[in-house]
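Reviewing the structure listed below.
The values are calculated or read from the model by the stated rules, or taken from the named source; none is laboratory data. Keep in mind the model is a prediction, meaning the values are calculated, not measured. Every residue, glycine as well, gets a Cβ built from its backbone with ideal geometry; the counts of neighbours run over all protein chains shown. Keep in mind that these areas ignore ligands, DNA and RNA; they rest on the heavy atoms of the full protein, side chains included. Shrake-Rupley method; radii C 1.70, N 1.55, O 1.52, S 1.80 Å.
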Amino acid sequence: MKKMKELKILAVVVFFTLVTYWGVEPYAHSVMHKHVEFKNFKYEDLKPINAKGDAAKGQALAAACAGCHSIKAAKMPAPMDPVTAAATYGVNPPDLSLAGAILDEKYLAHFLKDPVHTAMVAHKFKNKPYPMPPMATDDQSAADLVAYFKSIAPKEVTPKEAYDFACGRCHEMRYAKWTQIGDEPKTKPNIQTKMDEEKLKFDEKLAQYKDHLVKYLGKLPPDLSIIVRARSEDFLKTFVEDPQAQLPGTAMPRVGVSKEGYEKVFKYLEEVGDPSKPKREAVGPWVIGYFIIFSILAWLWYKSQWKGLK
């Protein structure tokens with residue numbers, strides 16, 4: 001009789017705990033947050049490009065890209081420094097060496113043909129031209145360019161390189177000492193004047209770049225140092241996949257990363273924003289094991305105390 005009473009009490013506690021959890025987490029989350037279906041970076045709104053690309057022809061076409069972009073893999077340096085580029089285009093154009101490794105192939109082909117609509121920023125450029133003109137005239141030329149960029153892309157891309165290409169020209173990461181114009185320089189102040197002139201020059205350039213970025217986007221993009229803690233993984237991947245679905249009217253373009261490219265970016269965000277995660281996950285099994293052993297010992301103690309009693 002005593003055991004039945006205890007089991008009933010346990011059942012009541014478990015029931016109300018589960019109801020409370022459901023009300024606070026799944027239900028409240030579904031009501032308070034917009035649900036966006038994740039499409040696994042398939043970009044289903046873009047039609048397939050059936051033309052077979054020719055990397056050699058794409059290389060000839062890519063010469064026109066070098067007027068704004070650097071292509072370090074092809075030994076083509078940037079035509080201007082980041083601040084001057086931002087003053088000209090609003091943001092520093094990315095180095096295209098990683099385009100074939102980070103971006104989805106179909107997205108890249110469509111972006112080369114129609115960058116405004118592919119990036120989903122037509123609402124922002126209604127009355128002014130988009131800084132990048134179409135670089136491909138048809139599916140074939142787009143396929144040729146994609147084939148070229150894939151041919152020069154490295155086989156291995158680090159998480160930081162992926163972040164730099166996809167996000168780093170607009171978003172800083174102060175916990176990683178990363179700015180929109182690169183890593184913060186390791187400088188030292190002058191012993192006599194106590195002034196760090198190199199750091200001051202860098203900060204001045206960074207301030208100018210941010211000023212151009214604000215004029216281009218309307219506001220300064222947020223620091224992403226702890227975005228993995230501030231937002232759920234589901235929100236991040238659906239937002240990167242289709243920013244307009246999560247935040248209609250946002251100035252952030254659809255980046256067009258592939259699934260593998262996003263995983264690289266997310267890994268870097270985790271490394272910076274949640275560096276203790278590997279250690280925390282390693283301790284988890286030991287904590288669970290402790291509770292299991294503790295529960296067994298508590299049950300044995302309970303049995304010994306109530307032995308012979310009814």
Boolean, Ala51 is aliphatic (A, V, I, L, M) and closer than 22 Å to Pro131 by Cα = no
Determine the pairs where a residue that is over 20 Å from Ala251 (Cβ atoms) and of a type in the set (S, T, N, Q), located within region 96-122, has a partner that is open to solvent by less than 10 Å² (accessible area, probe 1.4 Å) and in a helix (DSSP H, G or I) with Cβ atoms under 9 Å apart, the partner being 6 or more residues away or on another chain.
-> Ser97/Phe149
Give region 61-82 a look and list any residue that's of a type in the set (A, V, I, L, M, F, W, C) and outside any helix (DSSP H, G or I), or say none.
-> Ala63, Ala64, Cys68, Ile71, Met76, Ala78, Met80
Run down Tyr262, Tyr268, Tyr290 and say which single residue is modelled with pLDDT of 90 or more and either more than 30 Å from Tyr107 (Cα to Cα) or outside any helix (DSSP H, G or I) (or both).
-> Tyr290
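For (1) open to solvent by 70 Å² or more (accessible area, probe 1.4 Å); (2) among the small types (Gly, Ala, Ser); (3) at negative phi; (4) assigned to a strand (DSSP E or B), each residue gets a yes or a no:
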position	(1), (2), (3), (4)
Cys170	no, no, yes, no
Tyr175	yes, no, yes, no
Thr187	no, no, yes, no
Lys194	yes, no, no, no
Leu206	no, no, yes, no
Tyr216	no, no, yes, no
Leu220	no, no, yes, no
Inspect region 233-253 for any residue being in a helix (DSSP H, G or I), within 12 Å of the chain's Cα centre (by Cα) and among the aliphatic types (A, V, I, L, M) and give the result as yes or no.
-> yes
Residue list for region 172-186, filter: free of Cβ contacts under 8 Å to residues at least 40 places away in the same chain and not acidic (Asp, Glu) | Lys177, Trp178, Thr179, Pro185, Lys186
Listed by first then second residue, the pairs whose first member lies in region 190-210 and is aliphatic (A, V, I, L, M) and modelled with pLDDT of 95 or more, whose partner is surrounded by 12 or more Cβ atoms within 10 Å (Cβ to Cβ) and in a loop (DSSP other than H, G, I, E, B), with beta carbons under 9 Å and at least 6 positions apart or on separate chains, are Leu206/Glu172; Leu206/Gln180; Leu206/Ile181; Leu206/Glu184
Does region 264-275 contain at least one residue that is among the small types (Gly, Ala, Ser) and open to solvent by less than 60 Å² (accessible area, probe 1.4 Å)?
-> yes
Quick check: is even one residue across region 139-149 in a loop (DSSP other than H, G, I, E, B) and among the aliphatic types (A, V, I, L, M)?
-> no
Just to be sure, is Leu236 over 21 Å from Pro115 (Cβ atoms), hydrophobic (A, V, I, L, M, F, W, C), free of Cβ contacts under 8 Å to residues at least 40 places away in the same chain and open to solvent by 90 Å² or more (accessible area, probe 1.4 Å)?
-> no
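Residue-wise test of (1) small (Gly, Ala, Ser); (2) touching a Leu at 6+ places or on another chain (Cβ under 9 Å); (3) touching a residue at least 60 places away in the same chain (Cβ under 8 Å).
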position	(1), (2), (3)
Ala136	yes, yes, yes
Gln140	no, no, yes
Asp144	no, yes, yes
Asp164	no, yes, no
Cys167	no, yes, yes
Cys170	no, yes, yes
Does Lys160 qualify as being surrounded by 13 or more Cβ atoms within 10 Å (Cβ to Cβ) and more than 21 Å from the chain's Cα centre (by Cα)?
-> no
Of all residues in region 110-134 being basic (Lys, Arg) and part of a loop (DSSP other than H, G, I, E, B), the one that is most open to solvent (accessible area, probe 1.4 Å) = Lys126
